[in-house]
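Data block below; observations after.
The values are calculated or read from the model by the stated rules, or taken from the named source; none is laboratory data. In this text the structure is predicted, and so the values were computed from the model without any measurement. Glycine gets a Cβ as well: all are built from the backbone with ideal geometry, and neighbour counts include every protein chain shown.
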Amino acid sequence: MIDHGKHILSTIIFSLILFDALGQRVPLDSISKIRIDSPTAKDTAFGVRAKKVVPKTIYNFLFRDIYNSTNAGTTVSEIEDSPHKPYEGRWIRKIFIHSSDVFGYSVYDTLRGPSNWLDRIGNQFHRSTRAWVIRDNFLFFEEGDIIDAEKIKDNERYLRQQGIFHDVRILIIPYKNAKDAVDVHVYTQDVWSLLPDGSASGLNNFAFGLEQRNFQGLGHLLKNSIAYIGNDPRQRWEYAGRYVVPSYRKTFITGQGILNLQRDQKQLGFKIFRPFLTPQMKYAGSMEIGYNDLRLFEFTTDSLTGRSVRNYFWSQYVLFDAWIGRSFRVFFGDEQLRERARFVVALRHTRQTFYNRGKAVTDSTNQLFQNTRPTLFSFGFSNRRYKRDLLIYGFGRTEDVPLGEMAALIYGSDPAELGPRKYIGVKFSKARYMKAGYLYSLVNLGTYVKNGSTEQGIFSTENNYFTPLHNLGKRWYARHFLNVKLGWGFNRFENEYFNISGNEGIQGIFSDEMRGTRKLVIGVESVFFSPINFLGFRMAPFLFSNIGWASFKGQRLLTTRPYHGYGIGFRFRNENLTFNTFQIRLSMYSGIPDITNPFRAGFEGVTPLRLRDFDISAPEIIPFR
């Protein structure tokens with residue numbers, strides 16, 4: 001078994017090296033040669049054939065390249081290099097907001113507009129973001145302020161994070177009548193924000209929902225969905241609703257309300273929060289109040305078969321959670337470090353009170369459902385900056401890659417129902433670009449201490465790596481990814497475990513048997529970004545390979561049966577839409593319990609991944625996942 005696992009691991013590593021050798025590597029210092037605007041479908045053989053039989057207007061709409069965001073000659077280096085530095089110290093005379101619709105516009109070519117009537121019709125069904133909303137809610141600066149190049153760069157990143165803009169560009173224009181004055185122009189291009197969802201198998205079974213991520217051009221998120229199953233004895237109708245106000249005026253406080261009336265979940269919750277959006281922000285915090293009624297499950301062992309069996313039960317609890325943090329400038333290092341690095345202290349208090357727990361809570365059973373009241377304090381150091389890149393997790397839009405390091409010490413106490421206990425934890429993460437690519441590393445260690453013994457402890461580490469972009473020729477590019485996750489739980493409670501199936505491990509498969517209190521998962525993926533697009537959806541073929549181990553206490557991790565999966569797939573994404581990425585995946589698995597057919601095919605929507613940041617937020621119990 002061990003030799004078999006070593007063989008699989010060697011195959012994965014060899015595959016990574018082989019994929020890394022494909023094509024011509026594009027070093028970071030020469031990335032300026034990569035054009036953001038990729039070829040349209042009319043440059044392909046398929047496009048040429050289509051053009052002969054499809055009317056011009058329809059053809060331009062179907063095969064246009066929505067990623068042709070820039071005017072001719074604009075390169076990655078031009079969006080990476082800060083154009084704002086020469087104007088530092090000047091004051092802002094006027095701020096002009098240029099909010100563009102979805103189709104046909106570009107923040108890099110302000111003269112560009114819809115080229116056909118289909119683009120114009122599409123824009124008629126979208127309410128573009130109001131200029132006063134951007135000015136009053138999303139800008140870090142005002143008229144009369146002094147230009148700070150780092151603050152403006154952070155502002156562009158913050159606007160892109162809202163999820164309602166395809167891209168953002170802030171330009172500074174000197175004012176001709178005063179040498180120390182400038183005008184600031186903020187260019188934004190919206191994405192399509194209305195997301196319908198639904199399914200039906202008859203009048204007795206249907207679901208329908210609408211999500212508007214830019215309600216009335218205010219930047220607010222409004223989501224409502226209903227479902228009906230006429231023959232369900234527990235509950236026929238379901239409803240889920242959510243409303244989010246992303247930023248209130250210049251406070252940058254986000255408010256959120258949730259109401260769910262579903263078969264397996266009843267939830268009512270309110271939350272306000274303000275993160276450390278930039279190093280310059282001194283205060284952050286949040287407060288959350290919620291009621292939850294959940295249908296949960298636990299595992300028991302069948303006495304006859306020895307297999308795990310799910311048992312369901314209902315649990316109700318009330319949650320109160322609040323924290324506040326304060327940042328301080330560092331007093332050492334060079335000017336760049338003092339500008340971007342901060343010490344952060346934070347205090348958090350949480351109360352979780354249960355009203356139904358299935359069975360009695362004792363020192364040896366059902367401990368997860370004890371009433372808790374932890375108060376946590378953290379002291380940390382954060383140094384973060386960002387480099388702009390593309391074709392990582394996105395399909396052509398600008399991506400802000402975090403660089404830097406973060407370290408935090410967490411200490412607290414919890415007068416829990418089963419007895420008082422202390423908590424101590426440490427966190428460290430670091431990321432950097434190298435000649436060989438980008439590497440992010442995270443290490444966590446945390447545990448409760450009760451009566452001199454540890455309780456609910458965890459050690460975990462995660463390492464994510466991706467190569468530089470490879471030029472494969474004919475406007476194809478490739479990037480290769482390696483992810484390694486190790487988790488080691490000690491003295492965990494009953495029914496606490498890792499599950500390494502699905503998104504946390506072996507992609508595309510789900511099994512209750514793939515669990516334990518220790519895990520090791522290694523994943524390799526190669527993504528090939530193509531110039532092929534249809535209706536603005538770009539295609540990216542990918543190859544993946546995963547191998548993972550999971551074990552419980554008393555078992556050696558690498559002597560247990562390895563689970564592994566391999567596959568090929570195709571991802572499709574239109575960056576002008578807020579839809580998830582769609583993918584088709586063909587997979588082969590081995591070692592998976594209760595699988596009679598090792599081959600799987602699937603079509604699914606996947607949420608685009610995000611790179612981890614280095615901001616310090618609320619002190620937390622290090623999650624067991």
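Some observations on this one:
- Breaking point among (1) of a type outside the set (Gly, Ala, Ser); (2) closer than 24 Å to Asn499 by Cα; (3) surrounded by 17 or more Cβ atoms within 10 Å (Cβ to Cβ); (4) touching a Ser or Thr at 6+ places or on another chain (Cβ under 7 Å), for Val344: (2)
- Verdict on Thr454 being assigned by TED's automatic domain parsing to the domain that holds Glu298, touching a residue at least 40 places away in the same chain (Cβ under 8 Å), closer than 28 Å to Lys359 by Cβ and more than 25 Å from the chain's Cα centre (by Cα): no
- For the stretch 475-492, the count of residues that are in contact (Cβ under 8 Å) with a residue 12 or more places away in the chain, under 30 Å from His349 (Cβ atoms) and assigned to a loop (DSSP other than H, G, I, E, B) is nonzero.
- The stretch 525-557, residues that are among the aliphatic types (A, V, I, L, M), part of a strand (DSSP E or B) and farther than 25 Å from Asp512 by Cα: Val527, Met539, Ala540, Leu543
- Residue within the stretch 521-532 that is touching a Gly at 6+ places or on another chain (Cβ under 8 Å), surrounded by 20 or more Cβ atoms within 10 Å (Cβ to Cβ), in the same structural domain as Arg307 (by TED's automatic domain parsing) and under 27 Å from Glu298 (Cβ atoms) present: yes
- Neighbours by Cβ (under 6 Å, 6+ apart or cross-chain): first from the stretch 289-301, assigned by TED's automatic domain parsing to the domain that holds Phe493 and surrounded by 14 or more Cβ atoms within 10 Å (Cβ to Cβ); second among the polar types (S, T, N, Q) and not in a strand (DSSP E or B): Glu298/Asn495
- For Ile173, the test of being more than 24 Å from Gly394 (Cα to Cα) and free of Cβ contacts under 8 Å to residues at least 40 places away in the same chain is passed.
- Test result for Gly487, assigned by TED's automatic domain parsing to the domain that holds Phe395, at pLDDT 95 or above, small (Gly, Ala, Ser) and closer than 30 Å to Glu455 by Cβ: yes
- Candidates are the residues of the stretch 189-225 that are of a type in the set (Gly, Ala, Ser) and loosely packed, with under 15 Cβ neighbours inside 10 Å; the one that is farthest from the chain's Cα centre (by Cα) is Gly202.
- Subset of the stretch 108-128 that is touching a Ser or Thr at 6+ places or on another chain (Cβ under 8 Å) and modelled with pLDDT of 85 or more - its residue that is farthest from Gly219 (Cα to Cα): His126
- The stretch 465-474 - residue that is in a strand (DSSP E or B) and in contact (Cβ under 8 Å) with a residue 60 or more places away in the chain and, of those, nearest to Ile621 (Cα to Cα): Phe466
- Test: residue in the stretch 514-523 that is touching a helix residue (DSSP H, G or I) at 6+ places or on another chain (Cβ under 8 Å), in contact (Cβ under 8 Å) with a residue 60 or more places away in the chain and in a strand (DSSP E or B): yes
- Candidates Gly523, Gly605, Gly536, Gly591 - the one that is at pLDDT 90 or above and not aliphatic (A, V, I, L, M): Gly523
- Applying the criterion of being small (Gly, Ala, Ser) and in a helix (DSSP H, G or I) to the residues of the stretch 123-162, the residue that is nearest to Ala178 (Cα to Cα) is Ala149.
- Among the residues of the stretch 589-609, those identified as in a loop (DSSP other than H, G, I, E, B), loosely packed, with under 12 Cβ neighbours inside 10 Å and either free of Cβ contacts under 8 Å to residues at least 60 places away in the same chain or touching a helix residue (DSSP H, G or I) at 6+ places or on another chain (Cβ under 9 Å) (or both) are Thr596, Asn597, Thr607.
- Enumeration of residues in the stretch 408-446 that are basic (Lys, Arg) and surrounded by fewer than 16 Cβ atoms within 10 Å (Cβ to Cβ): Lys422, Arg432, Lys435
- Selected residue (criterion: farthest from Asn576 (Cα to Cα)) from residues of the stretch 85-122 that are part of a loop (DSSP other than H, G, I, E, B) and β-branched (Val, Ile, Thr): Thr110
- Filtered by the rule that a residue be within 25 Å of Arg561 (Cα to Cα) and of a type in the set (S, T, N, Q), the stretch 577-592 gives Ser587, Ser590.
- Options Val186, Val182; residue that is touching a residue at least 40 places away in the same chain (Cβ under 8 Å), crowded, with 18+ Cβ neighbours inside 10 Å, of a type in the set (A, V, I, L, M, F, W, C) and farther than 21 Å from Val133 by Cβ: Val182
- Checked against (1) assigned to a loop (DSSP other than H, G, I, E, B); (2) in contact with a strand residue (DSSP E or B) (Cβ under 7 Å, 6 or more places away or on another chain); (3) surrounded by fewer than 18 Cβ atoms within 10 Å (Cβ to Cβ), Ile622 passes all but condition (3).
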